[in-house]
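Reading through the structure tokens given below for one structure.
The values are calculated or read from the model by the stated rules, or taken from the named source; none is laboratory data. Note that the structure is a prediction, hence the values are computed from the model and not measured. So basically every Cβ, Gly included, is an ideal-geometry build from the backbone, and we count neighbours across all protein chains shown.
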Amino acid sequence: MKKVLLFAIITIFSLTSFGQKSGNKFHLSDYGVKIKPDKRLILVMASLEIAGMRTVLSTKGEQFRKTLDSDLSTVSPEIKEKIRSFVSQYRKRHPKKSVAEVTAPFISLAYSLTETPELNAPERSIDLPDDLLEVLDFAEIIKRLYKSPGFASFIDSYFKTYSETGDLLQPSAEAMVRDLLDYLHTKPRLIYLEKIRTKSKKGKEKTIRVDTVRHQRNFSIVPELLASKGTINFLNIQDNYYAVVSPETNLRSSEVRRAYLQFVLDPLVLENAKDIAVHRPAIKKLLDERRKKGAAVSPDVLLAVSRSLVAAADIREKEYRKGRIATNQARNRIDTKRTKAEKNEVSDELQRYKSALADDAALELSNSYENGAVLAFYFAQKLRGTEDSGFDIANSLGDWISSLEPNGEKDRLSEYATAKNRAVEKRRAGKITETNLGKNPVTDKLVEIDKLIEAKKYLEAEKELKTLLNKNPDQARIYYALGEVVNLSAGQLKDPKEIKKRLQVAIVHYSNAIRSVAPFTKDTPEADKAWASRSYFALGRIYEFYEQNAYALKIYEAALSMGRVRGGAYAKALKAKEKLSNKN
């Protein structure tokens, strides 16, 4: 059973399996993404805890804070006082900055240091950002903290803890990358070739040598237990992009989307820099107008183009994906209706939903425009025209830049004011844009399949469920039903080897049910927690069957952690845990 146990650890707690939809595994590294904590950042964030910068953390973050507080008792009062004094003086110089804004330059400092144990700071230079220069002297205090007796071993231990919690980000990171790249029909440029020209003179002859330097581009998602809940810190240092997040963040619906889009789209914008330069005066005029309105807008034209494209892609992808799901579901529902009136009712609901999505998009585009993304509306329109074409955005951007008329963008806010105001009023009233069409209506089909299960036609039921899963991918309740069917079919077998094979398949399905709704936060729908609860309980029963009692107890505890959700397995898991504990 050791092989089975290892298999479950990988599928349940690493949450990297993508099910059985394809024989090709999805690797984030193929798209420039890695999920990895950083010891330098852990050290700097721990120092801010000493300084009293105690922000609201995630549940896991609050648990880690207790451990950190205990470990910090070993640090000398002298070092603690130096840390508090430095941060206090910084905050006095910037009294209007929020805690998140105060934290940002210290995060930049962390990434400017060399790796542990050296932790050397860069030389002071006018090339360094002003906010980094202001906190650069903090590096020496950080180095002293790291060299405190036993503190280096604490950091090593924390790194392991952070790596484990970082696994929670894997499912939503994969979903985010797939959403965005499928929409743009592109793949990020992971290699940047820089040509360096060197002039030399030998006698009267002058020569120019051109060397090509190869740069690797990376996007790092950095799990940080001490990161303020709901806050994303984003850094771009040359070819390296960093998104610092709480490990319980759902990346698919967070600001990390825009950070990753920047990673993908920045090289494409740079490739069209010469064509963008033609429009520089007109774009700069649009930016000047924003500054006159009081917006803190950068005068960098390339930056404005990049941020506009990023904002448009982020907003349009969400609108397009939600609208496409609703449209597909509306078509399926219309096919089941008999009268014209019933069909029209579904069509009307779809149109209302799409109109509401368009209003939400108008509001987000307007906000982006006001903050300097002055070409956001233009790129949103261009994206709308190519969404179903399958064309790679890399092949289209040049034409979009060439056909750009910046002067035509000055009236965008007034053009979309009515739609924006509708969305604003709706949000003030606490209304959320939603519809039953946006959900996958598989309940009726599952009821039909339940009849096959009751008749013990397990293979037939399994086939039907797989077909349903192909039409409605990543549905927790379908994965759970598959696990149940395979589990029940194993009970009809007598050969231990065949039973083991079937139970391994059941483990995959139950694990995918959990994976498809993870990570779990207070905002996770109760129904999703219920499917996870039931799946954990089913997995616990399998391991208890194979007398892996210690592991079964851990899984029952995971089921209990979902809480007493309606439709969950809390009571069953509690009873199973108590019974198993008494047995041990």
List the number of the failed condition for I141; all other conditions in (1) more than 30 Å from R252 (Cα to Cα); (2) among the β-branched types (V, I, T); (3) touching a helix residue (DSSP H, G or I) at 6+ places or on another chain (Cβ under 7 Å); (4) part of a loop (DSSP other than H, G, I, E, B) hold. (4)
Considering residues of region 115-131 that are buried (at least 17 other Cβ atoms within 10 Å of the Cβ) and of a type in the set (A, V, I, L, M) only, the residue farthest from Q89 (Cα to Cα): L119
Options V210, V222: the member that is touching a strand residue (DSSP E or B) at 6+ places or on another chain (Cβ under 7 Å) and within 22 Å of H27 (Cα to Cα): V222
Residue ranges of helices (runs of 4 or more DSSP H) in region 50-128 with at least 2 members under 20 Å from K229 (Cβ atoms) and touching a residue at least 12 places away in the same chain (Cβ under 8 Å): 59-71, 99-112
Single residue of region 472-487 satisfying the filter (part of a loop (DSSP other than H, G, I, E, B) and of a type in the set (S, T, N, Q)) that is surrounded by the most Cβ atoms within 10 Å (Cβ to Cβ): Q475
Residue count for region 276-314, restricted to those that are of a type in the set (D, E, K, R), part of a helix (DSSP H, G or I), touching a helix residue (DSSP H, G or I) at 6+ places or on another chain (Cβ under 9 Å) and more than 20 Å from R189 (Cα to Cα): 4
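On the given criteria, is A490 out of contact with any strand residue (DSSP E or B) (no Cβ under 6 Å at 6 or more places or on another chain), among the hydrophobic types (A, V, I, L, M, F, W, C) and either farther than 21 Å from I449 by Cβ or surrounded by 21 or more Cβ atoms within 10 Å (Cβ to Cβ) (or both)?
No; evaluated as a whole, the condition is false for this residue.
Identify the residue in region 328-344 that is assigned to a helix (DSSP H, G or I) and touching a Lys or Arg at 6+ places or on another chain (Cβ under 8 Å) and, among all such residues, is farthest from L383 (Cα to Cα).
For region 328-344, the residue satisfying everything is K343.
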In this structure, does Q262 turn out to be of a type in the set (S, T, N, Q), part of a helix (DSSP H, G or I) and outside the structural domain of S403 (by TED's automatic domain parsing)? yes
Kindly indicate whether S163 is free of Cβ contacts under 8 Å to residues at least 24 places away in the same chain and small (G, A, S). no
Could you list, in sequence order, all residues of region 221-241 that are more than 20 Å from G61 (Cα to Cα) and hydroxyl-bearing (S, T, Y)? Y241
Can you work out which of the residues in region 42-94 that are in contact with a Phe, Trp or Tyr (Cβ under 6 Å, 6 or more places away or on another chain) and either modelled with pLDDT under 95 or not aliphatic (A, V, I, L, M) (or both) is nearest to V222 (Cα to Cα)? D71
